[in-house]
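Reviewing the structure listed below.
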Ligand SMILES: O=C(CO)[C@H](O)[C@H](O)COP(=O)(O)O
């Protein structure tokens, strides 16, 4: 049996960059080039033509066809696509029309199982209908919720005898696991095309899948909990990455780092208190656990609700940091301790521990709503709040923002280009 196929998904919107990245990916050992759906939507069939003409290797058009199978397949095949990707969700008549059209032009059809309710049953039906390949695919938005193609891959492989592809957030390790589970084609997008060194990233995947194929590697399926993964990812991304991932969500207003150069990531233990009343803020240290962040809303900022001794207590308990919509004192000591405290104002005077307020209630801090358990990420840019229900998703989206920027940074630093040139800013300004 031949070695597994490595297919790169050129999920970009700029054709010039896609052609360049395709070349770099081929150098790293990619076999097939997929013209991604965003590129097709941005540049039309011209993208298929240009990619095919530039390299002459097997080229796929990810049309994601759901209707008019014949028309869409014909367009792509005439433009040079060797394989056209259509949606397995389509009506059987669309699939049959797509296959008939493909045969006229000597092209093949790959059916994508994205969003199919019963992937194993549908894969069997699609094989029966005559598609050439099945793609077990978890879409980009689904990946952000923690879905993984590995979850159903082996069942689909067992159910059909045509080659099965796998796609959806694959890196070298996951791609190797897909091969070990029987995938004949691995499709990698973001982890190659957004990488700063495309050739090197492609090579890593190439080596990993070839090794898995030669050695019949066993798959280790241990997955970390979503919470572990969320924390790990949030430690890698910045607050600007998170803001972008949340459609430019606002950071807290008027809250500044008392100690610069520190990063805070953790789940919120919230405190609502009165100006200068430090009873609940200090009691919250005993409520919070390792890895938490204390987030305090005060009714004013004339007297401190936080100082050096509270900070030392936090350090003892492994609490990640403190965010205060109010006043802090002992800032020189806090700086010496190097502990991340973010606050609105610095003052010398403390208030009294009267005990007004509550711990772990919904508050508004720096103008942003914070619920107990929401994720807080703070750095020198500011403080972001991620609602706990969307924490994993936002973390994954922020990581995509970071990866996207890494590739652009590389083009600025290594190729001497400008940002406007790379992202074709003038072309993509909003039409008025
Ligand atoms: O078709 C796609 C999205 O709908 C992508 O091309 C596919 O998911 C591969 O990209 P990635 O590796 O970034 O998930």
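The values are calculated or read from the model by the stated rules, or taken from the named source; none is laboratory data. Remember, it's a predicted structure, so these values are computed and weren't measured experimentally. Glycine gets a Cβ as well: all are built from the backbone with ideal geometry, and neighbour counts include every protein chain shown.
The table that follows gives values for the structure above.
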item	result
Number of the condition not met by residue 161 [criteria: (1) within 16 Å of the ligand (Cβ to nearest atom); (2) surrounded by fewer than 23 Cβ atoms within 10 Å (Cβ to Cβ); (3) not in a helix (DSSP H, G or I)]	(1)
Qualifying position, being within 15 Å of the ligand (Cβ to nearest atom), modelled with pLDDT under 95 and in the same structural domain as residue 200 (by TED's automatic domain parsing), among 35, 13	13
So residue 328, is it within 24 Å of residue 227 (Cα to Cα), surrounded by 22 or more Cβ atoms within 10 Å (Cβ to Cβ) and modelled with pLDDT of 95 or more	no
Only listed residue being at negative phi and within 14 Å of the ligand (Cβ to nearest atom), chosen from 116, 152, 131	116
Residue in the range 30-41 that is in contact with a strand residue (DSSP E or B) (Cβ under 9 Å, 6 or more places away or on another chain), crowded, with 24+ Cβ neighbours inside 10 Å and over 17 Å from residue 110 (Cα atoms) present	yes
Count of the range 45-65 residues which are part of a loop (DSSP other than H, G, I, E, B) and either surrounded by 16 or more Cβ atoms within 10 Å (Cβ to Cβ) or under 26 Å from the mean Cα position of the chain (by Cα) (or both)	1
Residue count for the range 408-420, restricted to those that are more than 19 Å from residue 243 (Cα to Cα) and either touching a helix residue (DSSP H, G or I) at 6+ places or on another chain (Cβ under 8 Å) or surrounded by 15 or more Cβ atoms within 10 Å (Cβ to Cβ) (or both)	6
Sole exception among (1) modelled with pLDDT of 95 or more; (2) assigned to a helix (DSSP H, G or I); (3) assigned by TED's automatic domain parsing to the domain that holds residue 111; (4) crowded, with 18+ Cβ neighbours inside 10 Å for residue 242, by number	(3)
Identity of the residue in the range 68-93, part of a loop (DSSP other than H, G, I, E, B) and in contact with a helix residue (DSSP H, G or I) (Cβ under 6 Å, 6 or more places away or on another chain), that ends up nearest to residue 166 (Cα to Cα)	88
Test: residue in the range 209-222 that is farther than 30 Å from residue 378 by Cβ, within 16 Å of the ligand (Cβ to nearest atom) and buried (at least 22 other Cβ atoms within 10 Å of the Cβ)	yes
Test: residue in the range 242-256 that is within 16 Å of the ligand (Cβ to nearest atom), more than 16 Å from the chain's Cα centre (by Cα) and either farther than 25 Å from residue 139 by Cα or free of Cβ contacts under 8 Å to residues at least 40 places away in the same chain (or both)	no
Residues of the range 186-200 satisfying the condition of being crowded, with 24+ Cβ neighbours inside 10 Å, within 12 Å of the ligand (Cβ to nearest atom) and part of a helix (DSSP H, G or I)	192, 193
Identity of the residue in the range 169-185, in contact (Cβ under 8 Å) with a residue 40 or more places away in the chain and under 24 Å from residue 125 (Cβ atoms), that ends up farthest from the ligand (Cβ to nearest atom)	184
Qualifying positions in the range 127-148 - touching a residue at least 24 places away in the same chain (Cβ under 8 Å) and within 15 Å of the chain's Cα centre (by Cα)	138, 139, 140, 142, 143, 144, 145, 146, 148
Qualifying residue in the range 66-80 (condition: in contact with a strand residue (DSSP E or B) (Cβ under 7 Å, 6 or more places away or on another chain) and in contact (Cβ under 8 Å) with a residue 40 or more places away in the chain)	no
